[in-house]
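Novice: Got a structure for you, written out below as structure tokens; questions coming shortly.
Just so it is clear, none of the values below were taken in a lab; they were calculated from the coordinates. Keep in mind that this is a model prediction, so the values were computed, not measured. Cβ coordinates were reconstructed from backbone atoms using ideal geometry, including for glycine residues, and neighbour counts include every protein chain displayed.
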Amino acid sequence: MGIVDEDIAKVRAATDFVALAGEHLALRRVGTRWVGLCPFHAENSPSFSVNSELGLYYCFGCGAKGDVITFVREIEHLDFVEAVEKLAGRSGITLRYDDQGGGRSGDQLRRARIYETLEKAIEWYHQRLLSGSDSSRARHYLRAERGYDGDLVRRFRIGWAPDGWDTLVKNLGVPKKDLVDAGLATVDSSGRHTDFFRARILFPIFEPAGKPIGAGGRMLPGGRPPKYKNTSGTAVYDKSRVLYGLNWAKKDVVDKGRVVVCEGYTDVIGLHEAGVGEAVATCGTALADGHIRLLTNFARKIVLAYDADVAGQAAAERFYEWEDRFQVDIRVAAIPAGADPADLARSDPEALLKAVEEARPFLGFRIERLLARSDLSSPESRVRAAGEAMALIREHPSELVRDQYLMTVADRCRIDPNRLRNMSSQRPVADHREADREHVQRPAPVTVSGAELEALRLAVHRPEEVASQLEAVLFEHPIARSAFDVLSSASTLHEAIDAADPQTADLLQRLAVEDSEAAAGDVMTRLVERAGQRALKELQAQMRQVDASAQADFAPTIAWLKLALESLRPEDGKLADATDAQKGLVRWLSAWEQTGTATGIAQAGTNTQSEASS
């Protein structure tokens, strides 16, 4: 199965690449490009660049490259057809297929049906909460216990799942198989279809771009356990890669450069209402690798708004490993004991904001908590507290970080830092994560440079200024020459990239996201001058290899070539003369390259001399 090429081109042209990429990472404009932190590898300085006009991206750090379709494929793990279909849906383009079946694969259709089914179900649940006669108790709970008004319920599309065994199954008007595939219904041993969510307030979960992928259901007080019930794994929902609220929070996350992670849906809503719009939550699972990978597309500072110290050493090792591997800064907000963000948002929103703003690095948070609850009034108690603090410090993999916190503990416990260092050295900590670290495999650099690189950059961005003047002979580097060849034979940059070998394609992708402010005339002069100098050296070398009697055949050509090179930069500054000299030299170089013998080289010079001077 394939999508008609014309429709693929329409999708590329219709997609706003900057808007699309902005759903996954923070971009800022630099000249004609947009740059940000690469979503495909961990980095501290932005090396990911997008050219919105050409619809191409390139990462100077890891070498990731492609067009808008490649971007969607890589970041959402889709195949080519799925990516095109997703982008077509965004742009309202109806696709045509060139196979006899004329449609999408079974898996693609299934995913599409799941999205459609979830959208219908979420709206059905939402309307049920707003106006259903059986949802009055849920409405009362949300108003009285949570302080949610109608506007907030509509903003987060909160819903109500009735208590009936199969109310949704009977009333949604969707095939039962689609309900099962979407995680909205189950089948019992007798083959009966029943609703997955019953007698629960529903919090819909969306992917970052806004498509519904699941829901979390909370029982009412006195209802049937468990307190929370979340969508099971489906073709579009994996709880280890999903964060509730990211679709609403992503703009604030990008603007503020941080994300606040909670443990519950009501915590997210409370934080949003308190002014912390960058809040998200895990969905019934602990923070995992997949969550961190997702978050690094938007920000590198992660604030945990829950008691992250409960898991102890296991959590510490995981957090330190993430900080190292994903280059993130994990901090902890000091939420008062016994409170959660949702409660604090209602009772003392200023305290909640203060806790978020003053979030400490994870190790600093643990040490401060330990020392705050310790008795530091006697030498014995201070030594005990220092010993406990040093046990926490030893877990950190960085020697420099360990020493900084050691100084803090020494000061608070009034102990000589060197004594604590001796204590620490008795139990050295090995960096056991070295073997598990992800290293970015950077591609071998293509060493095209100087005028050749600048000329190709102009050929990509301002072809009208140089296309008629460029010839293959002007490029010495084989990759540069290959790039010129594919650009010359293709009608678009995308076609050139598709036709190029991997190294050439990599160079073209990189050029597409690089700006050029160079003057075309100056670049052409330098390019032609370099090519002429190479030819002069080769002619002189060949002349030295022949008999004295044959050397006279080279003299006129070498003399003319030297004069032509001088004419490229006339002392009187006459542009017309320099342009004529450049054209004549390029014609000569092209003719010279086609001859294969020393005599032929000399003859080419003689013939073209007359053309150049005519």
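Novice: Taking H as built 1.01 Å from N, whose amide H comes closer than 5 Å to the amide H of residue 97, not counting residues under 5 places away?
Specialist: Result for residue 97 returns 4.
Novice: Using the number of other C-beta atoms within 10 angstrom as an exposure proxy, rank 151, 498 with the fewest first.
Specialist: With the sparsest Cβ surroundings first, the list reads 151, 498.
Novice: From Cα pairs below 8 angstrom and at least 6 apart in sequence, can you work out the relative contact order of the stretch 375-429, rounded to a whole percent?
Specialist: This gives 36 percent for the stretch 375-429.
Novice: Contact order normalised by length for the stretch 242-373, with contacts defined as Cα pairs under 8 Å and 6 or more residues apart; what percent is it?
Specialist: Relative contact order of the stretch 242-373: 27 percent.
Novice: Could you tell me how far the Cα centroid of the stretch 269-339 sits from the Cα centroid of the stretch 349-395, in Å?
Specialist: Comparing the Cα centres of the stretch 349-395 and the stretch 269-339, I get a distance of 19 Å.
Novice: Hey, with R₀ at 60 Å, roughly what FRET efficiency would residue 465 and residue 354 work out to, going by the Cβ-Cβ distance, to 0.05?
Specialist: So, using R0 = 60 Å, E works out to roughly 0.55.
Novice: Right, another one. In which sequence would 585, 152 go, from the one with the fewest C-beta neighbours within 10 Å to the one with the most?
Specialist: 152, 585
Novice: I've got another one for you. Longest exposed-loop-site-free stretch of the chain, with trypsin sites (Lys or Arg not before Pro), DSSP loop and at most 13 other Cβ within 10 Å? Before the final figure, lay out each step's value.
Specialist: Details: sites that count: 96, 192, 227, 414, 433, 437, 574.
That would be 228-413.
Novice: Quick one: length gained pulling residue 538 to residue 394 fully straight, 0.36 nm per residue minus the C-alpha distance?
Specialist: Length gained, residue 538 through residue 394: 45.3 nm.
Novice: Among the lysines, which have Cα under 19 Å from the Cα of residue 537 when same-chain residues fewer than 8 positions away are ignored?
Specialist: Straight-line reach from residue 537, under 19 Å: 562.
Novice: Right, here's the next one. Just to compare against my own numbers: the Cα pair-distance distribution for the stretch 242-373, 10 Å bins, whole % per bin, please.
Specialist: Final binned percentages: 13, 48, 34, 4.
Novice: Any idea what the relative contact order of the stretch 185-306 is, in percent, if you count C-alpha pairs under 8 Å spaced at least 6 apart?
Specialist: Working: 206 pairs, mean separation 27.2, N = 122.
This gives 22 percent for the stretch 185-306.
Novice: How much length would be gained if the chain were fully extended between residue 170 and residue 155, taking 0.36 nm per residue of separation minus their Cα-Cα distance, in nm to one decimal?
Specialist: 2.7 nm
Novice: Right, something else. What's the FRET efficiency of residue 143 with residue 495 using the Cβ-Cβ distance as r and R₀ = 51 Å, to the nearest 0.05?
Specialist: 0.25
Novice: With mean projected area of the Cα convex hull in nm² as the read-out, I listed (i) 41.9; (ii) 44.1; (iii) 39.6; which label goes with the value calculated from this structure?
Specialist: So the calculated entry is the one marked (i).
Novice: Out of all DSSP beta bridges in the chain, what portion is antiparallel? Express it as a percent rounded to 5.
Specialist: Of all bridge pairs located within the chain, approximately 75 percent are antiparallel.
Novice: Go ahead and estimate [θ] at 222 nm for the chain from helices alone: -39,500 (n - 2.57) per DSSP H run with n ≥ 4, summed, over the residue count, rounded to 500.
Specialist: When only DSSP H runs of four or more count, the value is -16000 deg cm²/dmol.
Novice: Quick one: which residues, 5+ away or cross-chain, put their amide H under 5 Å from the amide H of residue 214? H built at 1.01 Å from N.
Specialist: 205
Novice: Give the calculated FRET efficiency between residue 74 and residue 563 to the nearest 0.05, with a Förster radius of 60 Å applied to their Cβ-Cβ distance.
Specialist: Result of the calculation: an efficiency of 0.65.
Novice: Sort 186, 117, 234 so that the residue with the fewest other Cβ atoms within 10 Å of its own Cβ comes first and the one with the most comes last.
Specialist: The order, fewest Cβ neighbours first, is 186, 234, 117.
Novice: Moving on to the next point. Give the percent of DSSP beta bridges with both residues in the stretch 242-373 that are antiparallel, rounded to the nearest 5.
Specialist: Taking every DSSP beta bridge with both residues in the stretch 242-373, the antiparallel ones total about 25 percent.
Novice: If each of residue 546 and residue 190 carries a label point 7 Å out from its Cα toward its Cβ, how far apart are those two points in nm?
Specialist: Going by the 7 Å Cα→Cβ label model, 10.2 nm.
Novice: Continuing with this model, one more query. Using a 7 Å offset from the Cα along the Cα-to-Cβ direction at both residue 109 and residue 594, what is the distance between the two label points in nm, to one decimal?
Specialist: The two pseudo-label positions are separated by 5.8 nm.
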